[in-house]
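Notes follow the structure.
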Amino acid sequence: MVVAASRESKDYITLASAIAEEFAQTAVERDIKGGTPTEQLDRLRESGLLKLLVPQEYGGFGSDWVTALQVVREIAKGDGSLGQLIGYHYVNLANTGLLGRPEQIAKYYTETARNNWLWGDSVYKVHEVGNWVLNEQIPVFTLYT
């Protein structure tokens, strides 16, 4: 059984499948209780899958989107909500590379790989005023460290 990914293992799909099986054992119970899946998020961090798309030069695995989306699908088989979270993570992490300045890209990719950061989404209260939509705050990303 693969417990954690490494650059050398490249067995990310098998690892994601094994983690999904773990998540499936408690998914219904956790869904009924509600709350934050802290243990499961820690398991994703421990697995190394959060740095799948981080380029190797910044300490990640430098994998591709096909593999990342297969990982998302595998995780979702065990717990759809956690599959969605890791999917958001990959998209928001990629936005760093697309929208960031070179120094930001280096900083956030490096720190993500080093600390197994989970990138999430945020929703803020929105006001409609006439034809305008105003955000109380304009979030970029939320990091769960």
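The values are calculated or read from the model by the stated rules, or taken from the named source; none is laboratory data. Note that the coordinates shown come from a computational prediction; the quantities given were computed from them, not determined experimentally. Positions of Cβ are backbone-derived with ideal geometry, glycine not excepted, and every protein chain shown enters the neighbour counts. These area figures cover heavy atoms from the full protein model, side chains too; ligands, DNA and RNA do not enter into them. Shrake-Rupley method; radii C 1.70, N 1.55, O 1.52, S 1.80 Å.
Looking at Gly35 and the list (1) within 18 Å of Asn116 (Cβ to Cβ); (2) of a type outside the set (Asp, Glu); (3) outside any helix (DSSP H, G or I), which single condition is not satisfied?
(1)
Does Tyr88 satisfy the criteria of being crowded, with 19+ Cβ neighbours inside 10 Å, at pLDDT 90 or above and not in a strand (DSSP E or B)?
Considered against the rule, which asks whether it is crowded, with 19+ Cβ neighbours inside 10 Å, at pLDDT 90 or above and not in a strand (DSSP E or B), Tyr88 comes out as no.
Can you tell me how many residues within the range 31-50 are open to solvent by 40 Å² or more (accessible area, probe 1.4 Å) and either of a type in the set (A, V, I, L, M, F, W, C) or in contact with a helix residue (DSSP H, G or I) (Cβ under 8 Å, 6 or more places away or on another chain) (or both)?
Looking only at that region, the number is 2.
Out of Gly100, Gly130, which single residue is over 30 Å from Ala27 (Cα atoms), at pLDDT below 95, more than 12 Å from the chain's Cα centre (by Cα) and surrounded by 13 or more Cβ atoms within 10 Å (Cβ to Cβ)?
So the residue among Gly100, Gly130 that is over 30 Å from Ala27 (Cα atoms), at pLDDT below 95, more than 12 Å from the chain's Cα centre (by Cα) and surrounded by 13 or more Cβ atoms within 10 Å (Cβ to Cβ) is Gly100.
In the set Lys107, Lys77, which member is open to solvent by 30 Å² or more (accessible area, probe 1.4 Å) and modelled with pLDDT of 95 or more?
On the way: Lys107 fails: modelled with pLDDT of 95 or more.
Matching residue, one of Lys107, Lys77: Lys77.
Can you find even one residue in the range 44-59 that is within 17 Å of Tyr108 (Cβ to Cβ), aromatic (Phe, Trp, Tyr) and modelled with pLDDT under 95?
no
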